[in-house]
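Here is the structure we will look at, set down as C-alpha cells.
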Amino acid sequence: MEVVENTLPESIDAFLAKPLFAHLATASAEGPRESPVWFLWEEEAIPVIGEEGDSFPKRIERDPRCAIGIVEFHSSEALVKHVGIRGERASSRSIPTARSAF
C-alpha cells in the first residue's frame, strides 16, 4: 500500500478513523471503474465492505491492483481533505452478514 496523496493537516490515522466513504477504483474490460464503498482503517490496512451483489469484488479478484480515495469536504471553510492510496488487494474474506470485506 502506497499513500500517493495526503492533503491533511492531521494524522492519517485520525482522518481514516472518521466515518467517511471511500471511492474504490478498479480495472474492468470496459475501462476503469469507481465504486463508493464503506471502509475501516485497521492496522494500516483498509478492509472494504460491499453488498453481496456488488461487482467490484469480482474485478479485484481478476486484477488485484486498485486505488482508494477518501475525501472530506467542509463547505463552510471551503476546505477539502484528501488521502489517495494505491496498491493490491492483500486478501479476501467473508464476514457473517451479506457483506464481503477486502
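Structural remarks
- Of the residues making up region 73-86, those that are exposed (fewer than 15 other Cβ atoms within 10 Å of the Cβ) and assigned to a strand (DSSP E or B) are Phe73, His74, Leu79, Val80, His82.
- Test: Glu2 is out of contact with any helix residue (DSSP H, G or I) (no Cβ under 7 Å at 6 or more places or on another chain), closer than 16 Å to Arg89 by Cβ and loosely packed, with under 15 Cβ neighbours inside 10 Å: yes
- Scanning region 63-88 for residues that are over 11 Å from the mean Cα position of the chain (by Cα) and touching a residue at least 12 places away in the same chain (Cβ under 8 Å) returns Asp63, Pro64, Arg65, Glu72, Val80, Lys81, His82, Glu88.
Where a number appears in this text, it was derived from the coordinates with a stated rule and is not lab data. Owing to the predicted nature of the structure, the values given are computational and were not obtained by experimental measurement. As a convention, Cβ positions derive from the backbone with ideal geometry for all residues, glycine included, and neighbour counts pool all protein chains shown.
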